[in-house]
Amino acid sequence: MTALTHDTRSSRTAAGLLLAVASAVTFGLSGALARGLLDTGWSAGAAVTLRTVIAAVVLLVPGLLALRGRMHLLRDNAGLVTVYGITAVAGAQLCYFYAVTYMQVSVALLLEYTAPVAVVVWLWVRHGHRPSGLTILGAALAAAGLALVLDVVSGAELSTVGVLWALGAMIGAASYFIISADERNGLPGISLAAGGLFVASVVLGTAGAIGVLPFDTSSADAAYDGFTLPWWVSVVLLGLVTAAFAYVTGIEAGRRLGSRLASFVALGEVLAAVIWAWLLLGELPRPVQLAGGLLVLAGVVVVKLGEGRTPLAVDPLPEPEPERDLSGRPAA
């Protein structure tokens, strides 16, 4: 029995690792794929909106089915889902896509992935969770890496607007980690994702319709390094692969690995973004920026280690509520 349990746990962990890598690789594709549209006249708002709408449509039914009839969970958490959709989904994506219109994809993503450090600071200021010495060391490493990513030593020019948009994406990503980690609301992860994508679609669509958000599109082929794709192919790939598929695989990975281990593997999105930007756009950061990126990632890892050595628990699936007869007693 013990051997069987160990084998089941090992296979579950192996499957979770594969899903986490798939999620990181597909999330990392979004910036390079969107850049091909942005360079042909698409606005970041249009690309993000269509990506979000496609993902919301695909995940709507699975998200509702995961509730197992407990629609009151959505009503009770309407405010949370709304905040999640506006900040963690619409805000993070929009800021990131705007950032890559002014700077390299990999640099923008590295700036966004200082979010775990921001989460530690938030927990310290808001909830009094004082960071350990290891956490402070990690934050210092990330800060040094950030200085190299920005190439402040050599005085190289870097778009201030791009940096500000990337930091906005970081705030959105930080809110994603904070809200997603709160399990007290009872919402299944896929239901929270579907609800957030739906809210983000409504907000972005409305902003585009009334002219607040620039919504420019182009029928020209999306341009990449040495080849082109029909614009609709890039848009569909953004919605299905880099959003719907990436969210679902990420959620399933978290259930199998637990949030702590899954978050470590998710750092692979930065490496994936660098590789995709090289393959699709022919761009690589300068050596000093690559060194800074490694320092940023090392700092984030050390920060996470400093959060505490808690066991890697796997979040169980919620048990279905028993059927009840007309009197309210559990049915036989």
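The values are calculated or read from the model by the stated rules, or taken from the named source; none is laboratory data. If you're wondering where the values come from, they're calculated on a predicted model, not measured in any experiment. All Cβ positions, glycine included, derive from the backbone under ideal geometry; neighbour counts span all protein chains shown.
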Residue pairs qualifying under the 6 Å Cβ cut-off, at least six apart or on distinct chains, with the first in segment 59-86 being surrounded by fewer than 16 Cβ atoms within 10 Å (Cβ to Cβ) and the second being not charged (D, E, K, R) and not in a helix (DSSP H, G or I), are R68/P320
* Residue in segment 21-36 that is more than 15 Å from the chain's Cα centre (by Cα) and at pLDDT below 90 present -> no
Inside segment 202-255, the number of residues satisfying the requirement of being part of a strand (DSSP E or B) and either β-branched (V, I, T) or within 24 Å of V83 (Cα to Cα) (or both) is 1
For segment 232-244, check the following and say yes or no: at least one residue is surrounded by 17 or more Cβ atoms within 10 Å (Cβ to Cβ) and closer than 15 Å to L109 by Cα. yes
Of the residues in segment 148-167, those that are modelled with pLDDT under 80, surrounded by 15 or more Cβ atoms within 10 Å (Cβ to Cβ) and either part of a helix (DSSP H, G or I) or charged (D, E, K, R) (or both) come to L148, V149, D151
Listed by first then second residue, the pairs whose first member lies in segment 266-286 and is assigned to a helix (DSSP H, G or I), whose partner is surrounded by fewer than 16 Cβ atoms within 10 Å (Cβ to Cβ) and modelled with pLDDT of 85 or more, with beta carbons under 6 Å and at least 6 positions apart or on separate chains, are L281/D225
The condition from (1) closer than 26 Å to V21 by Cα; (2) buried (at least 21 other Cβ atoms within 10 Å of the Cβ); (3) touching a Leu at 6+ places or on another chain (Cβ under 6 Å) that A222 misses is numbered (1)
A209 meets each of (1) of a type in the set (A, V, I, L, M, F, W, C); (2) within 14 Å of the chain's Cα centre (by Cα); (3) at pLDDT below 90 with one exception, condition (2)
* To do: For segment 279-290, state whether one or more residues are under 24 Å from V58 (Cα atoms), touching a Gly at 6+ places or on another chain (Cβ under 8 Å) and at pLDDT 75 or above.
  => no
Residue hits (segment 90-120; aliphatic (A, V, I, L, M) and out of contact with any Phe, Trp or Tyr (no Cβ under 8 Å at 6 or more places or on another chain)) are A90, L94, V100, M103, V107, L110, L111, V117, A118, V120
Residue hits (segment 20-55; surrounded by 23 or more Cβ atoms within 10 Å (Cβ to Cβ) and not in a helix (DSSP H, G or I)) are W42
